Amino acid sequence: MADGGEPEKKRRRVEELAEKMAVDGGHGENTRDWDGRWNHVRKFLERSGPFTHPDFEPSTESLQFLLETCKILVIGAGGLGCELLKNLALSGFRQIHVIDMDTIDVSNLNRQFLFRPKDVGQPKADVAAEFINRRIPGCNVVPYFKKIQDFDESFYRQFHIIVCGLDSIIARRWMNGMLMSLLIYEDGVLDPSSIIPLIDGGTEGFKGNARVVLPGMTACIDCTLELYPPQINFPMCTIASMPRLPEHCIEYVRVLQWPKEKPFGAHLSKPYSICLFFLSGVVKRIIPAVASTNAVIAGMLQEKQFSASFSSAYVPLNNYLVFNDVDGLYTYTFEADRKENCMACSQVPQDLKFASSAKLQDILRYLTENASLQMKSPAITATMDGKNKTLYLQTIASIEERTRPNLCKTLKELGLTDGQELAVADVTTPQTMLFKLHFI
Amino acid sequence: MLDMVEKEDTVISEEEAAQYDRQIRLWGLDAQKRLRGSRVLLVGLRGLGAEVAKNLILAGVKGLTLLDHEEVTEESCRAQFLIPVGSKGQNRAQASLERAQYLNPMVEVKADTEPADSKSDEFFLQFDAVCLTGCPRDLMIHIDQVCSQKNVKVFCGDVFGYHGYMFSNLGPEHHYVEEKLKVVKPSEDANDGPDAKKPKLDPNETTMVKKTASFCSLKEALEIDWTSEKAKVGLKRTPADYFLLQVLLKFRTDKGRDPQPSSFADDAPLLQQIRDDVLEAQGLSSELIPDHFVSYCFSEMAPVCAVVGGVLGQEIVKALSQRDAPHRNFFFFDGLKGSGVVDYLSAK
């Protein structure tokens, strides 16, 4: 099919094929399951094994549940998301929802294989959903070209399981907080039916991790916040190898093909592209990424999600896996411990201990710099004289300007008292956190 | 075979630079150029084959030939995302071709429908790397022998239910480079304290270090004599998956196919019998592979294909680009435990 001919011809031919496939649909009239279609999954569900939970009853009903009722939410339709959607669809899940606020860029194409050059600029969620729905009969992927913060509890409550392929810690923490807020406690006892498992994965270059969070039961994202390396606040190159030095960039440009007929002026502009490659890596905080790592971690995520879906089937083993393919291959699975006073999941009120002569900006600095809190731009309010008073808020310019003078005032000057409750809102969590102020 | 001289001829276009940006930042432009000049043969287009095909095509090799003589069955469509529904009766490689090519028009993807065992030795030597999936043991050993004599890199891999493996033979002398942190010379000043005398690693400066790794043949890797004293000592450290692989390869040779869910009633006892025979012949206990193994080695689980295909794909990329240390020489993945193990196993 592909000969040594010109790339243009080849590309056109492929585009034609793409059109043909789009019309063809791949559905056919026959979307019924053929005999033995789910044999590979049936294999797993209809037998007992050494890891089977004592209460599990192998049966054909589990398979029906899997296919028809299990609603899965995939967050992110990028490197991990594409791989996840493929794995889930091939494994038999049908009710899959996917959220992604991003559009497709040409640099995504080296690994996000549900997207093609003609899709550049389109929403990732929409294109991914369409691809899967056309290819896998019976699969119903519902896309949302939105931010996770655009949805509330009533949306998230409908899912049996949530799998994350996110690219930011802030988003992970927000999702974590959302699932915590769905938990129902009766007389201090957690109602298990209010638990929605969160399977979270991340990759960077040759490294990645996959973990299972059972909100209220196992370690949550915030419990292990200190495991993340410090997030540097100024743009910094995250490139582990090359190119880092200007010499590397010059070499890079030297091998770029450029037409010989271009006038001298065009050559002069080339040095800018050296800087662009280097600088874009720095400014855009680009993370090197490759298909194979995403394939591995997505596979791991789906393994974990599979067993979490059938928590009655399998006793959940260690919940945190790290994968490192940089030098040799290193995989390690361990059980992450819950943190006793975790801000997100412990339900223990958080204390703030400051002298009454301390300034408000001291509290602000503590909220952002403390390793367990790591807030980004917290807004602090307090109830005083029966009224809700905003002490400081930086995300809205007019309010920031108005409340900025408070930063230099002492807590006493602001009228705060010992035992006062402060409410703190931040992008890292969907709920407002309550802190108790203690004067020392 | 790609060598240093060819490097000057392959120039990266701006289009390629844009598409491959994220991976060039990971393994460098030089590695990408070598990839771009490499031709790979992939045998077997089941679940694992499809994953490896995807990873290599996305990575941007020069050419990938899909070789498979089998026909598409109902089972193929559910295990593998390259074959469209309604392709029943078509050749598997042929049916996978369109979607495979669609992944990256810059790669030359071809389909070959002949059986691997009907190909001449010369056929395999036109490639820089050969990846064998779903092949019988003797065929793999033969192709491995033919290829490694002529410096063609050999990879083997399979997925059996929850278990998967990959094997590589990059030849007796595989050259590659590794990026290492530069060592800063210790300070000369005696007053700096004891630590100053130790060479330190400079976190900002790296240097490329040339290395060589040697690999044994597949035959040597599979034909270890476990009755010898030396082998017995190493037995404790040997992953049980290695022996499971021997059992499954024997099943494949004896039955001409892998264990199938539709024949579970017959295949399961046969597997256990083979397990007994294989282990007994080596003077090993049957307990090395517990009875329940039969429940977990049927069919190809999609996520296991993804994991093994990811590792295998990256090993091929590393070998072709001659950058970063290769896994030596087996990778075993146990999907039940979520564990991956790299181990060097050889008769020598």
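No value in this document is a laboratory result; all are computed from the given coordinates. Because the structure is a prediction, the values reported are computed rather than measured. Reconstructed Cβ throughout: ideal geometry from the backbone, glycine too, with neighbour counts over all protein chains shown.
Could you list, bin by bin from short to long, the percent of Cα-Cα pairs of chain B in 10 Å steps?
Calculated P(r), rounded to whole percents: 5, 23, 31, 22, 11, 5, 2, 0.
Once the cut-off is 22 Å, how many percent of the Cα-Cα pairs in the range B:245-323 end up in the long-distance tail?
On the way: 1222 of 3081 pairs.
The share of Cα pairs beyond 22 Å in the range B:245-323 comes to 40 percent.
Summarise the partner chain shielding of A:80-90 as one whole number: the mean count of Cβ atoms from other chains within 10 Å of each residue's Cβ. Please list the in-between numbers first.
Values: counts 0, 0, 0, 5, 2, 0, 7, 8, 2, 3, 13.
Mean partner-chain Cβ count within 10 Å for A:80-90: 4.
Please list log₁₀ I(q)/I(0) at q = 0.15 Å⁻¹ for the range B:30-79, using the Debye equation with identical point scatterers on the alpha-carbon positions.
Taken in order of the listed q values, log10 I(q)/I(0) reads -0.45.
For the range A:342-380 and the range B:237-287, what is the centre-to-centre distance using only Cα atoms, to the nearest Å?
Between the Cα centres of the range A:342-380 and the range B:237-287 lies a distance of 59 Å.
Just to confirm my numbers, what's the Cα centroid distance between the range A:390-440 and the range B:35-64 in Å?
57 Å
Give the residues of the range B:20-62 whose amide nitrogen is closer than 19 Å to a point set 7 Å from the Cα of B:LEU139 in the direction of its Cβ.
Those under the cut-off are B:40-53.
If I model a spin label as a point 7 Å beyond the Cα along the Cα-Cβ vector, how far apart are those points for A:ASP191 and B:LYS119 in nm?
Each label point lies 7 Å from its Cα, and together they span 6.1 nm.
Suppose a student asked you for the relative contact order of chain B, using Cα pairs under 8 Å spaced at least 6 residues apart; what percent would you report? Each step should come with its number before you reach the end.
Values: 626 pairs, mean separation 67.7, N = 348.
19 percent.
Determine the shielding of peptide A:130-140 by partner chains: average, over its residues, the number of Cβ atoms on other chains within 10 angstrom of each Cβ. List each step's numbers first, then the result.
Working: counts 0, 1, 1, 0, 2, 7, 4, 4, 0, 0, 0.
The per-residue average across the peptide is 2.
How many Cβ atoms of partner chains, on average, are near each residue of B:331-337 if near means within 10 Å of its Cβ? The partial results should precede the final answer.
Working: counts 1, 0, 4, 0, 5, 7, 6.
Across the residues of B:331-337, the mean count of other-chain Cβ atoms within 10 Å is 3.
Tally Lys and Arg at +1 and Asp and Glu at -1 over the other residues with C-beta under 12 Å from the C-beta of A:ALA382: what net charge comes out? Mind dumping the intermediate values first?
Working: positive: A:LYS387, A:LYS389, A:LYS436; negative: A:ASP385, A:GLU421.
Here the charged neighbours net out to +1.
Using a Gaussian network model of chain B with C-alpha springs under 10 Å, which one of B:PRO172, B:PRO84, B:PRO269 is most mobile by mean-square fluctuation?
Per the Cα network of chain B with a 10 Å cutoff, B:PRO269 tops the list.
Once you sort the root eigenvalues of the Cα gyration tensor of the range A:115-177 as a ≥ b ≥ c, which label holds: rounded (a/c under 1.5), prolate (a/b larger than b/c) or oblate (the other case)?
oblate
Within a Cβ distance under 12 Å of B:THR253, other residues only, what is the Lys/Arg minus Asp/Glu net charge? Each step should come with its number before you reach the end.
Details: positive: B:ARG137, B:LYS250, B:ARG252, B:LYS255, B:ARG257; negative: B:ASP138, B:ASP254, B:ASP258.
Its environment carries a net charge of +2.
In the range B:84-165, which GluC sites (Glu not before Pro) fall in coil by DSSP and have 11 or fewer other Cβ atoms within 10 Å? Present the calculation step by step, with values, prior to reporting the outcome.
Numbers: sites: B:GLU98, B:GLU108, B:GLU122; in loops: none.
Listed in order of number, the matching sites amount to none.
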